[in-house]
Amino acid sequence: ARQIDEADTLFAQANELKPRGLYLAWRAHVREIQLVARISSDASALKEESEMLLRRAFEIEPANSMVLALLAINRLHVAAEIDISLQFARRAVNANYGNAMAWWALSATHLKSDNPTNAYGCARMAVNLSFGTPLEFWTQRQLSGAAMALRKLPEAKVWLKNVSFGRPSFRPPLRYLLALHATNEEWEDAVAAAERLKELEQGFSIDQLANDRNYPVSLLHRPYGLSRERIQSLI
């Protein structure tokens with residue numbers, strides 16, 4: 001949470017020095033992360049702030065590929081507007097074919113619209129473009145989700161382990177690693193992932209992961225081969 005607050009402060013300072021839509025779009029993305037990760041309890045305020053920031057960002061830089069990508073991701077995760085997200089993600093890719101974030105946004109939108117093959121191809125492109133950059137762990141996380149949707153569970157686990165090794169405090173890969181380990185009856189690894197999540201996430205429980213549909217493990221509730229029953233056996 002502290003690092004996220006620091007990022008928001010830095011983007012605000014950058015915007016004061018040189019006003020840009022891009023900085024406003026990143027500030028909106030910070031609020032999306034806070035919302036999805038449940039860092040703040042005031043969800044309505046976060047949604048309102050993120051939308052206001054993105055509207056202003058789009059007014060200032062409507063052709064900026066990164067602004068369009070962040071707008072697509074926000075519309076997908078905050079507003080659940082898949083068609084609008086797809087439109088902006090495609091515009092982001094067209095504006096800059098080499099923007100890994102744009103390909104990530106397009107992959108996420110395809111995955112949400114039940115098109116895992118396209119989601120996987122776009123995520124592959126995002127991983128290739130982001131190799132060796134700070135964005136790498138985000139794109140690998142997206143590729144792991146697309147791999148799960150195609151029931152490529154061993155490949156998904158490899159990508160999740162890569163992300164978790166590089167970003168040990170990043171919770172999303174740990175959630176799915178727990179699910180994959182339990183599905184494969186790798187009980188010691190599943191328990192270790194659960195214990196790590198308890199350290200990182202206040203109030204975490206295996207019951208919540210397995211049964212709360214609002215908890216951020218949406219792929220667990222889709223027919224991709226992950227076993228909720230085996231996860232529940234850890235309770």
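Couple of notes before you dig in:
- Test: residue in the stretch 30-52 that is over 24 Å from N214 (Cα atoms) and touching a helix residue (DSSP H, G or I) at 6+ places or on another chain (Cβ under 7 Å): no
- Among residues that are open to solvent by less than 30 Å² (accessible area, probe 1.4 Å), aromatic (F, W, Y) and part of a helix (DSSP H, G or I), F88 is included.
- Of all residue pairs spaced 6 or more apart or on separate chains, those with beta-carbon atoms under 7 Å, a first member in the stretch 118-134 that is farther than 19 Å from A156 by Cβ and a second member that is surrounded by 17 or more Cβ atoms within 10 Å (Cβ to Cβ) are L129/A100; L129/W103.
- Of all residues in the stretch 93-125, exactly one satisfies the criterion of being in contact with a Lys or Arg (Cβ under 9 Å, 6 or more places away or on another chain) and surrounded by fewer than 21 Cβ atoms within 10 Å (Cβ to Cβ), namely D114.
- Of residues in the stretch 206-235 being among the polar types (S, T, N, Q), touching a residue at least 24 places away in the same chain (Cβ under 8 Å) and in a loop (DSSP other than H, G, I, E, B), the one surrounded by the most Cβ atoms within 10 Å (Cβ to Cβ): S227
- Of all residues in the stretch 124-144 being within 12 Å of the chain's Cα centre (by Cα) and among the hydrophobic types (A, V, I, L, M, F, W, C), the one that is modelled with the highest pLDDT: L143
- Pick from the stretch 164-205, criterion of a type in the set (F, W, Y) and part of a helix (DSSP H, G or I), ranking: least open to solvent (accessible area, probe 1.4 Å): Y176
- Condition met for E61 (over 27 Å from P173 (Cβ atoms), in contact (Cβ under 8 Å) with a residue 24 or more places away in the chain and surrounded by 14 or more Cβ atoms within 10 Å (Cβ to Cβ)): yes
The values are calculated or read from the model by the stated rules, or taken from the named source; none is laboratory data. Note that this is a predicted model, so its numbers are computed, not measured. Cβ sites come from the backbone with ideal geometry, for glycine too, and all protein chains shown count toward neighbours. Heads up: the accessible areas ignore ligands, DNA and RNA and are worked out on the full protein's heavy atoms, side chains in. Shrake-Rupley method; radii C 1.70, N 1.55, O 1.52, S 1.80 Å.
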